[in-house]
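The values are calculated or read from the model by the stated rules, or taken from the named source; none is laboratory data. In this text, all values refer to a predicted model and were calculated from it rather than measured experimentally. Quick reminder, even Gly has a Cβ in these numbers, built from the backbone with ideal geometry, and neighbours come from all protein chains shown. Note: accessible area is taken over every heavy atom of the protein model, side chains too, but ligands, DNA and RNA are not part of it. Shrake-Rupley method; radii C 1.70, N 1.55, O 1.52, S 1.80 Å.
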Amino acid sequence: MKPEKPIGARYAVGDMDIRPWGTYVVQAVGVNAAGEESCEKEIHINAGQALSLQSHDHRRENWRVMAGELTVILDGKRITLQAGQTIQIPKGSVHCMANLTERTCIVKELQHGICREEDIHRYYDANGRKTEESADERVVASLALYKKLLEELDK
């Protein structure tokens with residue numbers, strides 16, 4: 001088990017983690033043309049798994065499906081993406097990634113803003129991590145979709 005990063009620690013190339021839903025590896029870090037931090041991760045989502053329903057205060061993300069099929073919840077909408085397709089995740093939006101198929105899904109995630117693991121508000125987590133409540137209509141609508149998605153996964 002690797003030690004926890006201190007609060008506010010930046011990602012570094014090679015950082016990785018094994019989670020109940022799969023793995024991620026940091027492939028690049030830097031500063032974009034606007035002077036914001038950037039972080040590129042390769043995320044492997046195991047068959048039949050979902051990440052937590054979450055939002056970020058300080059970063060936006062771009063996801064590109066490299067292999068497989070990705071089911072996305074974004075601000076109360078459910079979207080299915082195939083290999084080669086991308087989606088923008090605006091700062092503050094409520095979102096999650098899920099893999100409803102029987103093959104691993106690989107996603108390239110590019111973060112811009114303040115890129116920290118601690119910048120996560122979790123509203124629901126299929127794997128029992130601590131969550132928070134919110135009456136925000138985007139959270140309420142997304143949470144209803146997330147729970148239906150989990151039923152499909154038999155979680």
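With the structure loaded, tell me whether Glu69 is under 28 Å from Glu152 (Cα atoms) and among the acidic types (Asp, Glu) or whether it fails that test.
yes
Could you tell me whether any residue of the stretch 3-11 is without any contact (Cβ under 8 Å) to a residue 60 or more places away in the chain, part of a strand (DSSP E or B) and either over 30 Å from Ala135 (Cα atoms) or of a type in the set (D, E, K, R) (or both)? No, there is no match, as no residue in the stretch 3-11 is without any contact (Cβ under 8 Å) to a residue 60 or more places away in the chain, part of a strand (DSSP E or B) and either over 30 Å from Ala135 (Cα atoms) or of a type in the set (D, E, K, R) (or both). Filtering the stretch 90-107 to residues that are farther than 23 Å from Tyr11 by Cβ and surrounded by fewer than 14 Cβ atoms within 10 Å (Cβ to Cβ) leaves Glu102, Arg103. Taken together, Leu110, Leu70 contain a single residue that is open to solvent by 40 Å² or more (accessible area, probe 1.4 Å) and under 13 Å from the mean Cα position of the chain (by Cα), which is Leu110. Of the residues making up the stretch 117-129, at least one is assigned to a loop (DSSP other than H, G, I, E, B), touching a strand residue (DSSP E or B) at 6+ places or on another chain (Cβ under 8 Å), closer than 22 Å to Glu151 by Cα and open to solvent by less than 50 Å² (accessible area, probe 1.4 Å). Within the stretch 75-89, the set of residues being assigned to a strand (DSSP E or B), open to solvent by 30 Å² or more (accessible area, probe 1.4 Å) and not hydroxyl-bearing (Ser, Thr, Tyr) comprises Lys77, Arg78, Ile79, Gln82, Gln88.
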